[in-house]
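J.: Quick one: structure below, then a few questions.
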Amino acid sequence: MTTAETVPDHLHARLVRDAEAQGLLDVAYRTLDSPYGPLLLAATPRGLVRVAFAAEGHDRVLADLAARLSPRVLAAPGRLDAAARELDEYLAGRRRAFDLPLDLALARGAFRREVLDRLPAIAYGTTRTYAEVARDAGRPAAVRAVGTACATNPLPLVVPCHRVVRTGGGLGDYLGGTGAKRALLAMESA
Amino acid sequence: MVPFEQVVREHGPHVLRVCRAVVGPDAADDVWSEAFLSALRAYPSLPEGSDVRAWLVTIARRRGVDALRARARRAVPVADLPERGVLDDLPELDLYAALAALPPKQRACVAHHHLAGLPHAEVAALVGGSPEAARRAAADGVAALRRSLL
């Protein structure tokens, strides 16, 4: 028995098509090359549910999606065409806002969800501090919780947690690395 | 529970080999597709710790039997046998035609053990009977193949 065999492409594509037609494609995913390394994109039927940098470990992220959403996970690029196109345009500096259905099912806790819901209101090319976001969300003391919400953002880039920085000019941590955060902010303010 | 994509990658080629052995290369794609779609539907309720490969082979075999029954019902006579199947490690032998000529139990045991690599005990669980009977059927099948091919 050889072990290097793979399923023929036409059979995989047919499985994806049939699964989608019968409502069995709970999580579709693909990867996308970017200036910050390969990105994993995943979507439920409701919308884009996950964007992950390579640093998070794509296999680990897929295992987490299987555990927390559904194990019916398939590599199915079709559902992610629009998301991949908009991310490409954004990363090339040709798009300032995303127009995609989002599924925030992976946001844990009402406050983190509230923070994530507010982030798209931070305009392209501008930043807010963690403290300001906490105040905007009506909990000025919850600065640390805002940091956690950003650090666990399931949709980085699309939900712009990179626009939230420290009071006093520090960048703050970023899922994609501080270098990526600095580069994104530089691109947006160019 | 691992993502289903990983199940397809790890076991898909093996199950395709079983499908080809059971129904021949032409119908194998349909049987494989139906089997994996059924498996995807049932996957979330598969008990933890199950032998995923044996489970998939069982589903594929059931689908294969359905396909063979449907084919028998149609019973359209054909002038020529289908093109010779391509099995990479036995390119010179008309293996599918020879397999198809075996009695069903021998064919199933040869396919599951020699082509799909299942131990006789698992083959017995799939086709019924004891492991020893499965071993004997596989051995008889191979002997018959040897006679017809060599």
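The values are calculated or read from the model by the stated rules, or taken from the named source; none is laboratory data. Keep in mind it's a predicted model, so treat the numbers as computed, not measured. Quick reminder, even Gly has a Cβ in these numbers, built from the backbone with ideal geometry, and neighbours come from all protein chains shown. What goes into the accessible areas is simple: the full protein's heavy atoms, side chains included, and nothing from ligands, DNA or RNA. Shrake-Rupley method; radii C 1.70, N 1.55, O 1.52, S 1.80 Å.
J.: Any idea which of B:25, B:47 is open to solvent by 40 Å² or more (accessible area, probe 1.4 Å), under 16 Å from residue B:116 (Cβ atoms) and more than 7 Å from chain A (Cβ to nearest Cβ)?
T.: Just one listed residue meets the conditions, B:25.
J.: Kindly list, by first and then second residue, each pair from a residue in the range A:164-190 that is over 23 Å from residue A:92 (Cα atoms) and outside the structural domain of residue A:33 (by TED's automatic domain parsing) to a residue that is in a loop (DSSP other than H, G, I, E, B) and open to solvent by 30 Å² or more (accessible area, probe 1.4 Å), limited to pairs with Cβ atoms under 7 Å and residues at least 6 apart or on different chains.
T.: A:172/A:166
J.: Hey, another quick one. Among the basic types (Lys, Arg), touching a helix residue (DSSP H, G or I) at 6+ places or on another chain (Cβ under 9 Å) and at pLDDT below 95: which single residue out of A:79, A:96 fits that description?
T.: It is A:79.
J.: Residue A:25 - would you say it is touching a helix residue (DSSP H, G or I) at 6+ places or on another chain (Cβ under 6 Å) and either within 14 Å of chain B (Cβ to nearest Cβ) or among the acidic types (Asp, Glu) (or both)?
T.: Yes.
J.: Can you tell me which residue is nearest to residue B:117 (Cα to Cα) among those in the range B:28-39 that are within 9 Å of chain A (Cβ to nearest Cβ) and touching a residue at least 24 places away in the same chain (Cβ under 8 Å)?
T.: Of everything passing the filter in the range B:28-39, B:32 is nearest to residue B:117 (Cα to Cα).
J.: Here is a further query. Among the residues of the range A:34-93, count how many are aliphatic (A, V, I, L, M), over 21 Å from residue A:116 (Cβ atoms), free of Cβ contacts under 8 Å to residues at least 40 places away in the same chain and open to solvent by 10 Å² or more (accessible area, probe 1.4 Å).
T.: Looking only at that region, the number is 4.
J.: Which ranges mark the strands (runs of 3 or more DSSP E) fully within the range A:8-114 that have 1 or more residues being over 30 Å from residue B:20 (Cβ atoms) and in contact with a Lys or Arg (Cβ under 6 Å, 6 or more places away or on another chain)?
T.: By residue number, A:39-44.
J.: Looking at the range A:11-21, is at least one residue more than 8 Å from every other protein chain (Cβ to nearest Cβ) and over 29 Å from residue B:15 (Cα atoms)?
T.: No.
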